[in-house]
Amino acid sequence: MDITQIAGEVAAFFQSDGVAIATTFCTILRIVAPLLALLILWRCARPLLTFQPEPETWAWLVMPDGNQLPITHWESIIGRSKGSDIVVDFPTVSRAHAVLTRYDDGSWSLSDIGARGAVSVNGEQIAVAAIEYGDVVSLGGVEMKLVPVTQEEVEEQTYSRTSPKHQSSPGLTLLLLTIFQVLAACQLWMQVAPEYAQTVLVSFLSLIALQWVLLLTLRLLHRSGYEVETLAFFLCTIGFSVIASDSPGSLYKQLFTLIAGIFVYLIISFSMRNLSRAKKFRYVAAVCGLGLLAVNLAFGKEIYGAKNWIMIGSMSFQPSELVKLCFIYVGASTLDRVVTKRNLITFIIYSAAICGCLALMNDFGAALIFFVTFLVIAFLRSGSFATVSLACAATGLAGVMAVRFSPHVLSRFSTWGHAWEYALSGGYQQTRAMMCIASGGLLGLGAGKGWLKHVAASDTDLVFAFVGEEWGLIIALAMVAAIVILAFFVVRSSKAGRSSFYTIAACAAVAVLLMQTILNVFGTMDLLPLTGVTFPFVSNGGSSMICSWGLIAFIKAADTRQNASFAVKAARVEEAPLYE
């Protein structure tokens with residue numbers, strides 16, 4: 001007798017003779033699962049939300065009066081404005097006068113960004129020039145000297161900098177998550193059809209193995225922060241539970257895309273360890289993004305009114321999910337490029353092309369996500385509310401035209417806010433979803449015992465309601481809280497970000513996650529139109545899973561805690577950060 005038969009026969013036993021045992025276990029799990037979920041969430045949130053963002057000092061600018069100004073970012077605007085990274089309060093210095101840039105190899109350059117006063121190095125006027133320690137920089141006639149940090153200062157920063165291992169034990173948090181996963185797997189194993197019993201067990205055991213292997217891999221690389229990844233695995237666990245209940249035959253596919261997503265996470269993280277390499281890859285990403293959408297336009301298949309699927313045999317994927325990663329790569333930029341209008345205009349044109357392609361596919365949910373991400377990037381790059389307002393006005397006009405001329409979009413808006421009036425037609429999914437959330441209460445009916453699985457798109461567009469019915473409102477809200485925690489973490493980390501590339505990419509990535517969560521949850525509740533947007537990590541879909549893990553790589557790159565980010569080289573006392 002093989003393991004498949006054993007797993008199937010045991011599952012059949014719990015569905016017949018062992019019903020009392022299964023019912024008791026379900027009752028216990030309904031109480032224990034929310035407590036474990038909240039504990040896992042708290043252990044991840046506490047270090048992410050309480051650490052003090054500590055800027056690193058990479059060099060000093062010594063003023064004529066001997067005052068030393070710290071350089072705490074790899075790209076710093078020097079100017080008279082209080083919003084500048086390095087404030088030089090002299091009337092001859094422009095509000096934003098020049099950009100001082102540090103590179104991965106420890107070298108520096110100075111860029112004139114069109115200020116009214118000349119920029120010179122050692123008495124020679126420059127537009128862009130490499131500079132070395134000891135060089136005299138002049139901005140509008142104000143001279144200052146670039147001076148390195150001392151070895152003693154490097155050691156003091158290294159020892160005093162916040163380290164995740166001093167805030168929490170990732171192993172203990174992951175152990176709690178493992179217990180949660182084992183309990184969920186056992187509950188679902190008792191509920192699924194006998195032929196899927198082995199699939200459920202193998203999928204959950206593989207998920208547990210993956211998270212521990214990734215933790216050990218990062219520890220071998222001297223990384224000590226694992227809270228962001230733990231939150232991602234927590235959401236993946238909920239997603240696996242949804243799929244095991246709704247369509248257990250899809251579990252292996254989701255497991256395969258989870259593995260692919262982790263590889264994408266590692267590849268993107270590694271690519272950002274060298275900013276010069278990352279900036280070059282930006283151009284490849286731009287071409288790939290437009291190329292994927294062009295292929296989609298030419299060969300895409302229309303499903304539920306949107307032509308956003310590519311079919312290869314029995315396999316299908318959504319190119320727009322992968323384009324999100326390309327879009328962020330293109331949008332993230334170093335400060336010497338951020339402040340040039342030509343570079344911003346090029347990005348606006350690229351964004352318009354992306355959103356135009358999505359509009360032609362009738363994928364307006366994805367177009368809205370890209371637009372919000374564009375607004376975040378545009379504001380971080382320009383700091384101009386006027387630019388953002390103009391973009392909003394233009395997009396509002398385009399949205400009105402889309403609603404006017406697209407029947408697919410018009411049908412979505414016709415039932416918005418009136419789902420109960422169209423309960424047997426356009427509002428069927430949302431009304432059933434809201435009833436299932438209500439029937440689930442705080443603790444849920446139990447994994448695998450929901451009714452919403454009989455409604456179309458229950459494990460994708462309506463997944464928030466699916467979790468609410470089977471796992472309860474507490475765990476459904478815990479899913480949302482996990483995304484919100486990541487958002488607050490990025491905002492806190494961005495204050496001390498090494499490079500604007502990391503900061504912009506992380507803010508854009510978390511904007512995508514937040515927007516998807518808002519559209520998915522509020523669409524289910526009829527507070528927004530149902531746009532067919534997935535819930536990150538949870539909804540059934542391989543493209544979404546791969547994209548979500550890629551976004552995590554951008555978020556981790558902005559983690560300023562000591563040795564927390566794989567995208568940033570490990571800090572060691574014997575190797576001064578100046579030269580790593």
Considering only segment 318-349, state which residues are among the hydrophobic types (A, V, I, L, M, F, W, C), open to solvent by 10 Å² or more (accessible area, probe 1.4 Å) and modelled with pLDDT of 80 or more.
Leu322, Leu325, Cys326, Val330, Ile349
Would you confirm whether any residue within segment 350-371 is open to solvent by less than 30 Å² (accessible area, probe 1.4 Å), within 23 Å of Phe554 (Cα to Cα), out of contact with any Cys (no Cβ under 8 Å at 6 or more places or on another chain) and modelled with pLDDT under 70?
no
Would you confirm, using the coordinates I've provided, whether Leu69 is exposed (fewer than 14 other Cβ atoms within 10 Å of the Cβ), modelled with pLDDT of 80 or more, outside any loop (DSSP other than H, G, I, E, B) and out of contact with any Asp or Glu (no Cβ under 8 Å at 6 or more places or on another chain)?
no
Whether any residue in segment 558-575 is assigned to a helix (DSSP H, G or I), open to solvent by less than 20 Å² (accessible area, probe 1.4 Å) and modelled with pLDDT under 90 is what I want to check.
no
Answer residue from segment 14-25, given it is assigned to a helix (DSSP H, G or I) and surrounded by fewer than 19 Cβ atoms within 10 Å (Cβ to Cβ) and is modelled with the highest pLDDT among those:
Thr24
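Results for (1) modelled with pLDDT under 85; (2) small (Gly, Ala, Ser); (3) out of contact with any Pro (no Cβ under 7 Å at 6 or more places or on another chain), shown as yes or no for each residue.
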position: Ser111; (1), (2), (3): no, yes, yes
position: Ala129; (1), (2), (3): no, yes, yes
position: Asp135; (1), (2), (3): no, no, yes
position: Val147; (1), (2), (3): no, no, yes
position: Gln167; (1), (2), (3): yes, no, no
Count of residues meeting criterion [in contact (Cβ under 8 Å) with a residue 60 or more places away in the chain and either acidic (Asp, Glu) or under 23 Å from Ile262 (Cβ atoms) (or both)] in segment 516-532:
2
Among the residues of segment 150-173, are any of a type in the set (Val, Ile, Thr), open to solvent by less than 60 Å² (accessible area, probe 1.4 Å) and within 30 Å of Gln198 (Cβ to Cβ)?
yes
Going through segment 107-140 one residue at a time, which ones are more than 33 Å from the chain's Cα centre (by Cα), polar (S, T, N, Q) and open to solvent by less than 50 Å² (accessible area, probe 1.4 Å)?
Ser120, Ser138
If you scan segment 82-106, which residues turn out to be assigned to a loop (DSSP other than H, G, I, E, B), open to solvent by 50 Å² or more (accessible area, probe 1.4 Å) and not basic (Lys, Arg)?
Gly83, Asp85, Asp89, Phe90, Pro91, Thr92, Tyr103, Asp105
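Mind checking whether some residue in segment 219-240 is without any contact (Cβ under 8 Å) to a residue 12 or more places away in the chain, charged (D, E, K, R) and surrounded by 14 or more Cβ atoms within 10 Å (Cβ to Cβ)?
So the first thing to find is which residues in segment 219-240 are without any contact (Cβ under 8 Å) to a residue 12 or more places away in the chain, and the list is 219-220.
This time we only want the ones that are charged (D, E, K, R), so: 219.
Okay, now just the ones that are also surrounded by 14 or more Cβ atoms within 10 Å (Cβ to Cβ), so 219.
Yes, that holds for at least one residue.
Can you say whether Val62 is at pLDDT 85 or above, surrounded by fewer than 20 Cβ atoms within 10 Å (Cβ to Cβ) and either β-branched (Val, Ile, Thr) or more than 29 Å from the chain's Cα centre (by Cα) (or both), as far as the supplied structure shows?
For Val62, the condition - at pLDDT 85 or above, surrounded by fewer than 20 Cβ atoms within 10 Å (Cβ to Cβ) and either β-branched (Val, Ile, Thr) or more than 29 Å from the chain's Cα centre (by Cα) (or both) - is met.
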Can you name the condition, by its number, that Leu216 falls short on among (1) closer than 21 Å to Thr237 by Cβ; (2) at pLDDT 85 or above; (3) open to solvent by less than 60 Å² (accessible area, probe 1.4 Å)?
(3)
Please work out which one of (1) under 30 Å from Thr217 (Cβ atoms); (2) at pLDDT below 85; (3) in a helix (DSSP H, G or I); (4) not aromatic (Phe, Trp, Tyr) is the condition Glu156 fails and give its number.
(1)
Picking from Leu292, Leu297, Leu266, the residue that is at pLDDT below 85, open to solvent by less than 80 Å² (accessible area, probe 1.4 Å) and part of a helix (DSSP H, G or I) would be Leu297
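The values are calculated or read from the model by the stated rules, or taken from the named source; none is laboratory data. Predicted model, so just to flag it, every value in this text is computed and none were measured. Virtual Cβ from ideal backbone geometry, glycine too; neighbours counted across all protein chains shown. Accessible surface is based on the protein model in full, side chains and every heavy atom, while ligands, DNA and RNA are left aside. Shrake-Rupley method; radii C 1.70, N 1.55, O 1.52, S 1.80 Å.
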